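Chemist: Quick one: structure below, then a few questions.
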Amino acid sequence: MDNAKLNTNIASFCFNPFQENTYVITHANKDCWIIDPGCYTLQEQKVLISYIEKNGLKPVRLVNTHCHLDHIYGNKFVADEYKLDLGIHEKELVVLNAAEMAARMYGAKIPEKLEPSYFISENEKLELNDVVFDILFTPGHSPGSICFLNKNENYCIVGDVLFQNSIGRTDLPGGNHHTLIKSIETQLLVLDDIVEIYNGHGNPTTIGAERRNNPFLV
Ligand SMILES: [Zn+2]
């Protein structure tokens, strides 16, 4: 699914048995970021590659909103294919290191291991050419969850922090319900109603819709 903004395009792919949303954010000049590549099968790897080839894109950054299993399956493949380093929040290292254990618990494939090459800090800004993404620190679903906010184009890639009419689960190791609600209230609900929310599972939504309808936020 493609969603074109003025200077960037947001493409999403639903991958792996956990139905995780992988995002490719492309600048008008064709440079792109790959966020949370969840490619699980060879077929899913091919879907991502062919999208990038067909559109003549140049992947320039690989990042994870957080390191739960379903968000990292394609990390190693993307890093190798496009010669990219992985960036995550430092507090997700413990989650990344537990991925093999999580895979065994779910009876799912064990992801190929890829260590991060750098850490992304809260309140940092990352640039995709002239387009700036603010990094929001939103722990609770996972200890080092981050969101990528494009203020100019009014959208935010939030991982599993906030969903349409729901919020991230907090029963996994490092999760905390109170922390998650606080993250949503202080980092996301302060944004304008029109800001679009692109999440790790299910349909995109908006801050306004969740402010009005989300039963977890009343
Ligand atoms: Zn998650």
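Rule-based calculations on the coordinates, nothing more; no lab input. Quick caveat: nothing in here was measured; it's all calculated off a predicted structure. Ideal geometry is used to build each Cβ from the backbone, glycine not excepted, and the neighbour counts take in all protein chains shown.
Chemist: Structure shown: which of K109/K151; K54/K91; K54/K113 lie over 32 Å apart, alpha-carbon to alpha-carbon? Could you put the intermediate results ahead of the total?
Modeler: Working: K109/K151 37 Å; K54/K91 36 Å; K54/K113 28 Å.
Beyond 32 Å: K109/K151; K54/K91.
Chemist: Taking θ = phi - 60°, what integer Hz values does the Karplus form 6.51 cos²θ - 1.76 cosθ + 1.60 yield along the stretch 149-165, in sequence order, with x for Gly and Pro?
Modeler: 9, 9, 5, 5, 9, 6, 9, 9, 8, 10, x, 9, 6, 9, 10, 5, 6
Chemist: Okay, moving on. Just to be sure I understand: with springs between alpha-carbon atoms less than 10 Å apart, which residue in N75, N64, N203 has the highest mean-square fluctuation in the Gaussian network model of the chain?
Modeler: N203
Chemist: Same structure again: Using a basic spin-label model with each label point 7 Å from the Cα along Cα→Cβ, how many nm lie between K151 and A108?
Modeler: According to this spin-label approximation, the distance is 3.4 nm.
Chemist: Still on this structure: Roughly how many debye, to the nearest 20, is the charge dipole of the stretch 2-217 about its Cα centre, given +1 on each Lys and Arg Cβ, -1 on each Asp and Glu Cβ, and no other charges?
Modeler: Details: 18 positive and 28 negative charges, 52 e Å.
Magnitude of the dipole: close to 260 debye.
Chemist: Pop a pseudo-label 7 angstrom from the Cα along the beta-carbon direction at both K5 and K46 and give the gap in nm to one decimal.
Modeler: Simple spin-label model gives 3.3 nm for this pair.
Chemist: Now for a different question. Whole-Hz ³J(HN,Hα) for each residue in the stretch 50-65, computed from phi via Karplus 6.51 cos²θ - 1.76 cosθ + 1.60 with θ = phi - 60°, x for glycine and proline: what do you get?
Modeler: 5, 4, 5, 5, 4, 9, x, 8, 10, x, 10, 8, 10, 9, 10, 5
Chemist: Can you put D160, D70 in order of Cβ neighbours within 10 angstrom, beginning with the fewest?
Modeler: Working: D160 28, D70 25.
Lowest to highest Cβ neighbour count: D70, D160.
Chemist: Could I ask something else about it? At 222 nm, what value in deg cm²/dmol follows for the chain if DSSP H runs of at least 4 each add -39500 (n - 2.57) and the sum is divided by all its residues, to the nearest 500? It would help to have the intermediate numbers written out before the result.
Modeler: On the way: 7 runs with 52 residues, N = 218.
Calculated mean residue ellipticity at 222 nm is -6000 deg cm²/dmol.
Chemist: Rank the residues H27, H141 as a footprinting-exposure proxy: fewest other Cβ atoms within 10 Å of their Cβ go first. Show your work: numbers first, answer last.
Modeler: Details: H27 19, H141 29.
Ascending number of Cβ neighbours within 10 Å: H27, H141.
Chemist: Taking K and R as +1 and D and E as -1, what net charge do the other residues with C-beta under 14 Å from the C-beta of A99 add up to?
Modeler: Working: positive: K76, R104, K109, K113; negative: E20, D36, D70, E92, E100, E112, E115.
It works out to a net charge of -3.
Chemist: Highest mean first, what order results for 98-105, 192-199 on Cβ atoms within 10 Å? Don't jump to the answer; show the numbers that get you there.
Modeler: Numbers: 98-105: 14.9, 192-199: 18.0.
Ranked from most to least packed, the peptides come out as 192-199, 98-105.
Chemist: Amide H to amide H under 5 Å from Y40: which residues, 5+ apart in sequence or cross-chain, H placed 1.01 Å off N in plane?
Modeler: So Y40 has HN proximity to N16, Q45.
Chemist: Karplus couplings for the stretch 81-95 from phi (6.51 cos²θ - 1.76 cosθ + 1.60, θ = phi - 60°), rounded to Hz, Gly and Pro as x?
Modeler: Ordered by residue, 3J(HN,Hα) equals 5, 10, 6, 10, 8, 9, x, 9, 6, 4, 6, 8, 4, 5, 6 Hz.
Chemist: If we count every other residue with Cβ under 15 angstrom of P143's Cβ, Lys/Arg +1 and Asp/Glu -1, where does the sum land?
Modeler: -2
Chemist: What does the charge add up to near K83, with Lys and Arg as +1, Asp and Glu as -1, over the other residues with Cβ less than 12 Å from its Cβ? Walk me through the numbers on the way to the answer.
Modeler: Working: positive: K58, R61; negative: D80, E81, D85.
Here the count lands on -1.
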